[in-house]
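Here is the structure we will look at.
The values are calculated or read from the model by the stated rules, or taken from the named source; none is laboratory data. All of these numbers come straight from a predicted model, not from anything done at the bench. Heads up, the Cβs are rebuilt from the backbone with ideal geometry, glycines too, and the neighbour counts pull from every protein chain shown. Surface areas here come from the heavy atoms of the whole protein model, side chains and all, with no ligands, DNA or RNA. Shrake-Rupley method; radii C 1.70, N 1.55, O 1.52, S 1.80 Å.
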Amino acid sequence: MIHFFADRHYGARPGASLYQRLSPAWRGRMAFHEEEWEALSRGEWLVGCDLLVLNMIGGSCGQPHPGGKASQAVRRWCEGGGNLLLLHGGSAAFSQWDWWRQAMALRWVRPEDPDGLPPSFHPLHPYRVTLAKSRHPLAALLQEMSLPQDEIYAGLAQRPPLEVLLETQVPEGCFPQCAIAPTPWGGRQLHFLPGHSPEAFQVPALVKNVESCLEYLAGPGNAQG
């Protein structure tokens, strides 16, 4: 089972928009949790979990930041070599947890970051997402795509090793839009940043790219590290 935790993200509901556009085959393997923080904390999702998907920013939108029990459950998943698919702001899902910030190879930095880093930013443009010059096997499964005006996540904190698979060039600069790295515990963290507005999920290539990420992390023989 794939467990997908999402917030409403300032009313845009990108997690729900994506979930509704996924193929029936993927939805059939997935439990979607929108702002179900108690479910995250209880940790029952750990049993039989194949992949943890996050599309949320903890402590934003008037929501509480998940607490100690959630930290224990998520850390247990990560320390067991579990894979992470981090969508849009998912790298900031738990930005108040020191161990989480240290583990992220590509992290959306919120204002007043505990590590003192300058905040990330998101210009608004229609934009083109292109393949980076990567020989990673996942890169061969991804598609270039043209997206309507939307938030473009930029200025994220990076740490090696990080391999960029998709990128975009906008007036503010060139920014990664999909990247992969190992977790400190032997799993994989896959970051896929495009997709905020409901209109973005009407682009078939965006949904197909997410499904390719799911296949890479949780397809036959690929789950759990």
### Message
Rounded, prolate or oblate, given the Cα gyration tensor of the stretch 2-41, with a/c below 1.5 counting as rounded?
### Response
oblate
### Message
Spelling out what I want: for every residue of the stretch 133-142, take phi, set θ = phi - 60°, compute 6.51 cos²θ - 1.76 cosθ + 1.60 (Karplus), and round to whole Hz; glycine and proline get x.
### Response
7, 10, 9, 4, x, 5, 4, 5, 9, 8
### Summary
Result for the chain: accessible area per residue, probe 1.4 angstrom, in square angstrom, of 42 Å²
### Query
When ranked by the protection proxy of mean other Cβ atoms within 10 Å per residue, highest first, what sequence do the peptides 86-95, 53-62 form?
86-95, 53-62
### Summary
Here the FRET efficiency for residue 29 versus residue 141, based on Cβ atoms and R0 = 22 Å and rounded to 0.05, is 0.75
### Task
Pop out the carbon and sulfur fraction of the accessible area of the stretch 1-44 as a percent, whole number, probe 1.4 Å.
47 percent
### Query
Counting Lys and Arg as +1 and Asp and Glu as -1, what is the net charge of the other residues whose Cβ lies under 9 Å from the Cβ of residue 147?
-1
### Query
Taking trypsin sites (Lys or Arg not before Pro) as exposed when DSSP calls them loop (any state but H, G, I, E, B) and at most 15 other Cβ atoms lie within 10 Å, what is the longest stretch of the chain free of them, the sites themselves excluded?
30-132
#### Entry: Residue-averaged [θ]222 nm for the chain, counting only DSSP H segments that reach four residues, each worth -39500 (n - 2.57)
-6000 deg cm²/dmol
### Task
Tell me which residues come under 5 Å, amide H to amide H, from residue 183 once H is placed; ignore anything under 5 positions away on its chain.
188, 189
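Take every Cα-Cα pair in the chain and report what % of them are more than 26 Å apart.
Taking all Cα-Cα pairs of the chain, the fraction more than 26 Å apart is 28 percent.
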#### Entry: Exposed-site-free run, longest, the chain (rule: GluC sites (Glu not before Pro); DSSP loop; at most 12 other C-beta within 10 Å)
1-111
### Message
Between residue 185 and residue 131, what is the label-point separation in nm under the 7 Å Cα-to-beta-carbon projection?
### Response
3.4 nm
## Note on the structure
So, for the Cα atoms of the stretch 1-109, Rg and Dmax in Å stand at 12.9, 37
### Query
Helix hunt in the chain: which complete DSSP H runs extend at least 20 Å axially by C-alpha with mean Kyte-Doolittle at least -0.5?
204-218
